Amino acid sequence: MVASAETTICDESSGYIDPEWTVVLPRRKQRICQTKVSRLEQEVKQQPWTPSDHEINKERESKLMQKIEASLKKLEGSKFYDLFLNQIQDPDIFNCFSRVLGSESIMDMVVYGVGSIETYEAPRLQLSLAILMKRKFEWVGNIEVFDPILSSTETRVLESLGCSVLSLNEEGRRQALKPTLFFMPHCEAVLYHNLLEVNWNVDMLKNLVLFGNSFEAYKHHTDVINDYVASPYTKRILAAQSFTQEFRVKTGPDDLYRAFHESSWHFFSPNHEQGVPIVQFND
Ligand SMILES: C[S@@+](CC[C@H](N)C(=O)[O-])C[C@H]1O[C@@H](n2cnc3c(N)ncnc32)[C@H](O)[C@@H]1O
């Protein structure tokens, strides 16, 4: 349950960020980026999606499956996983999950932005955590996964692991009409912004659990780091803090740190009478 505020920065050439590193661009470049994302914000539509390749390669699939099985095993045997389970079962967090579930017995999981599970270890560990949660907790329902960079091989392996891969790029704009766990490890700020924006009312925010970059870390980077210019998308993240309960995921001593650093569980309890604050995107 983790992620880094600095990963909000976009790479203008590819639109992709190397998941192994966090990068802070100089101010001028960030401003260019902001103009670009503002324009994108208006143009973005949810688009049908299929992997860009159509390759069916059984050998690649079997190698990837072996890598994921190794990753599941590594994670399950780690100190991090022990801490993770203890933390979720601690009454502070467990009560928040129960509050979101209300009278429902199942909470489906939506995994956005997991990255390339074939190329990098961090995305494999993140996916493994989602799968282990489903295996461990009966209240975790179906897992839906989407990342526009998934290959045909990755998609087929995810499906054989019991996950559904979305055929629509929702741009993070899934309405939480029922209790839903959004598992969004180390995503860019725009995805958190989109998710919050489309759910920006008291009733839907209460249905939402978010595992992702620490909102407190976004605030820290905005307040403390002099040369940091916040992405316009962080405005909504900062505005949400007044009604967010955040629990930082404990990463522990092992080498899983990179996959889960600066990640938190977030629960939202806006006040019924006050409602939610208005966030102006362009001021
Ligand atoms: C900073 S990377 C993080 C990857 C991985 N979770 C990690 O920690 O290494 C952000 C990911 O979000 C994905 N992404 C971009 N747009 C997306 C969208 N509309 N829906 C879901 N994922 C998206 C990117 O392709 C990329 O893999």
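The values are calculated or read from the model by the stated rules, or taken from the named source; none is laboratory data. Every value quoted in this text rests on a predicted model; they were computed, and no experiment measured them. We place every Cβ from the backbone using ideal geometry, glycine too, and count neighbours over all the protein chains shown. Calculation scope for accessible area: heavy atoms of the full protein, side chains included, ligands and nucleic acids excluded. Shrake-Rupley method; radii C 1.70, N 1.55, O 1.52, S 1.80 Å.
Laid out as a table, the results:
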read-out	value
Out of Leu129, Leu208, Leu158, sole residue that is within 16 Å of the ligand (Cβ to nearest atom), within 22 Å of Phe267 (Cβ to Cβ) and at pLDDT 95 or above	Leu129
Scan of the range 181-195 for residues that are open to solvent by less than 10 Å² (accessible area, probe 1.4 Å) and in contact with a strand residue (DSSP E or B) (Cβ under 9 Å, 6 or more places away or on another chain), ordered by number	Leu181, Phe182, Phe183, Met184, Pro185, Cys187, Ala189, Tyr192, Leu195
When residues of the range 141-164 are limited to those that are more than 13 Å from Ser116 (Cα to Cα) and of a type in the set (Ser, Thr, Tyr), the one surrounded by the most Cβ atoms within 10 Å (Cβ to Cβ)	Ser164
Qualifying helices (runs of 4 or more DSSP H) (wholly inside the range 42-124; at least 3 residues being more than 16 Å from the ligand (Cβ to nearest atom) and closer than 24 Å to Gly172 by Cα)	91-101
Pairs where the first residue, in the range 126-154, is assigned to a loop (DSSP other than H, G, I, E, B) and the second is within 12 Å of the ligand (Cβ to nearest atom), C-beta under 6 Å, 6+ apart	Asp147/Gly113; Asp147/Val114; Pro148/Asn169; Ile149/Ser116
Strands (runs of 3 or more DSSP E) (entirely within the range 188-283) containing at least 3 residues that are at positive phi, free of Cβ contacts under 8 Å to residues at least 60 places away in the same chain and in contact with a Pro (Cβ under 8 Å, 6 or more places away or on another chain)	none
Options Ser71, Ser98, Ser78: the member that is modelled with pLDDT of 95 or more, under 23 Å from Tyr257 (Cβ atoms) and of a type outside the set (A, V, I, L, M)	Ser71
Meets criteria (within 11 Å of the ligand (Cβ to nearest atom) and touching a Leu at 6+ places or on another chain (Cβ under 7 Å)) for Phe146	yes
Residue within the range 165-176 that is under 17 Å from the mean Cα position of the chain (by Cα), assigned to a helix (DSSP H, G or I) and surrounded by fewer than 18 Cβ atoms within 10 Å (Cβ to Cβ) present	no
Residue match in the range 49-67 (condition: free of Cβ contacts under 8 Å to residues at least 12 places away in the same chain, closer than 22 Å to Ile131 by Cβ and of a type outside the set (D, E, K, R))	yes
Residues within the range 251-275 that are surrounded by fewer than 22 Cβ atoms within 10 Å (Cβ to Cβ), at pLDDT below 90 and not hydroxyl-bearing (Ser, Thr, Tyr), tallied	10
